[in-house]
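The values are calculated or read from the model by the stated rules, or taken from the named source; none is laboratory data. Given the structure is predicted, the values throughout are model-derived calculations rather than measurements. We place every Cβ from the backbone using ideal geometry, glycine too, and count neighbours over all the protein chains shown. Remember, those area values only see protein heavy atoms, side chains included, never the ligands or the DNA or RNA. Shrake-Rupley method; radii C 1.70, N 1.55, O 1.52, S 1.80 Å.
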Amino acid sequence: MSWKLGLDQLTDLARGAALLGTGGGGDPLIGRLLVEQAIREHGPVTVLDPEELDDDAFVIPTAMMGAPTVMVEKIPSGAEPVAALRALEAHLGRSADATMPIECGGINSMIPLFVAARTGLPVVDADGMGRAFPELQMETFSVYGVPGTPMAIAGENGESVIIDTGGDNKRMEWISRGVTVRLGGSSLIAEYAMTGADVKRTAIPRTLSLALAVGRAIRQGRENHTDPVAVLRETLAGTIYTHLRVLFSGKVTDVERRTVEGFTRGRARFTGHDGHSTLELRFQNEHLVAVVDGDVVCIVPDLICVLEGDTAEPITTEGLRYGQRVTVVGISTPDLMRTPEALDVFGPSCFGLDHPFVPVERLVPEAP
């Protein structure tokens, strides 16, 4: 069933999207403020359940591309994502019936909502990652046969670029990453144009609704003086993200972070409250693997989420700082993201990791 997104829901939605973004997907505050401004000017956004889409509806996802560290300092003016959508519509000779996120994340769950408010289009309650990934071919859309191009890229100075690599989505990523670097390290894009039937076949359903529910659960846990992580676990148990495991509790002791080739890459190290146990996270925009005392406890595509220790507020990779007290959790991805075809596109080997994918619920026993 479709629903209206208004100003009063945005903070919860941005919080939940940031958590599902597993450290990446862009700054949640910037994304929320963009959508707030657009809704104040143009009114609420219609969020459309994927099952309500006509099979021949035309959907164009919209997003930000680039290093999250750049977006913190290089905030979009607001014209770029709509410009990318219009450029792709003009190239294809067809107007979109709806837009949609390509991933979950603090800003990339928000960009389609901003576009929708500015254009009057509905937003489909689904996305192509079920979390955030750093590269454009790492989409369930791509895994299950939807070409990413033609795609449009828009920059802050009115530039627009059309890229067409046919069915080669990995080459699409390579070329568009180069363009994005030349545009200053971030850009706004429209890609993976598809039919309603393709959305229903390839997308992770109802991730905007899930983000809203997750963000609300964390807030209500705090307000009711209960453990927000426990409330989060209960909320996820009834969804396609069934399992939550607490991986580690402690403080940040070191962050190595650099912006290179259009990505934020690095490692973060943590020491447990006992002063002895250690955790290391590796990230490329998003967290990829969690290693506790030498053992892998969660690995991509499962979600690794760093939460502020007392409030369970999600912390992005660019927001990690020495001394932060945190709880790190692992969350299972939907089955659609664990197939052999999916792991060939965004499993551990795609990031140069030697460890095979093992579901987090098998790596970490459930606490009593």
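A few remarks follow.
- In segment 34-57, of all residues being open to solvent by less than 20 Å² (accessible area, probe 1.4 Å) and part of a strand (DSSP E or B), the one that is nearest to residue 210 (Cα to Cα) corresponds to 47.
- Residues of segment 256-290 that are more than 13 Å from residue 304 (Cα to Cα), acidic (Asp, Glu) and either touching a strand residue (DSSP E or B) at 6+ places or on another chain (Cβ under 6 Å) or not assigned by TED's automatic domain parsing to the domain that holds residue 348 (or both): 256 alone.
- Where residue 241 falls short, out of the listed (1) within 20 Å of residue 17 (Cα to Cα); (2) in a strand (DSSP E or B); (3) out of contact with any Gly (no Cβ under 6 Å at 6 or more places or on another chain); (4) modelled with pLDDT of 95 or more: (2)
- Selection from segment 335-348 of residues that are open to solvent by 60 Å² or more (accessible area, probe 1.4 Å) and in contact with a helix residue (DSSP H, G or I) (Cβ under 8 Å, 6 or more places away or on another chain): 341, 344
- Close pairs (7 angstrom Cβ cut-off, 6 or more residues apart or separate chains): open to solvent by 40 Å² or more (accessible area, probe 1.4 Å) in segment 221-246, modelled with pLDDT under 90 and part of a helix (DSSP H, G or I) anywhere: none
- Scanning segment 290-304 for residues that are open to solvent by less than 10 Å² (accessible area, probe 1.4 Å) and not charged (D, E, K, R) returns 290, 298, 299, 300, 301, 303, 304.
- Subset tally (residues that are open to solvent by 20 Å² or more (accessible area, probe 1.4 Å) and among the aliphatic types (A, V, I, L, M)) for segment 305-334: 1
- Matching residues in segment 250-263 - criterion: being within 26 Å of residue 214 (Cα to Cα) and open to solvent by less than 50 Å² (accessible area, probe 1.4 Å): 250, 252
- Members of segment 190-220 that are open to solvent by less than 40 Å² (accessible area, probe 1.4 Å), assigned to a helix (DSSP H, G or I) and of a type in the set (Ser, Thr, Tyr): 202, 207
- Residue 146 vs. criteria open to solvent by 10 Å² or more (accessible area, probe 1.4 Å), at pLDDT 95 or above and in the same structural domain as residue 127 (by TED's automatic domain parsing): no
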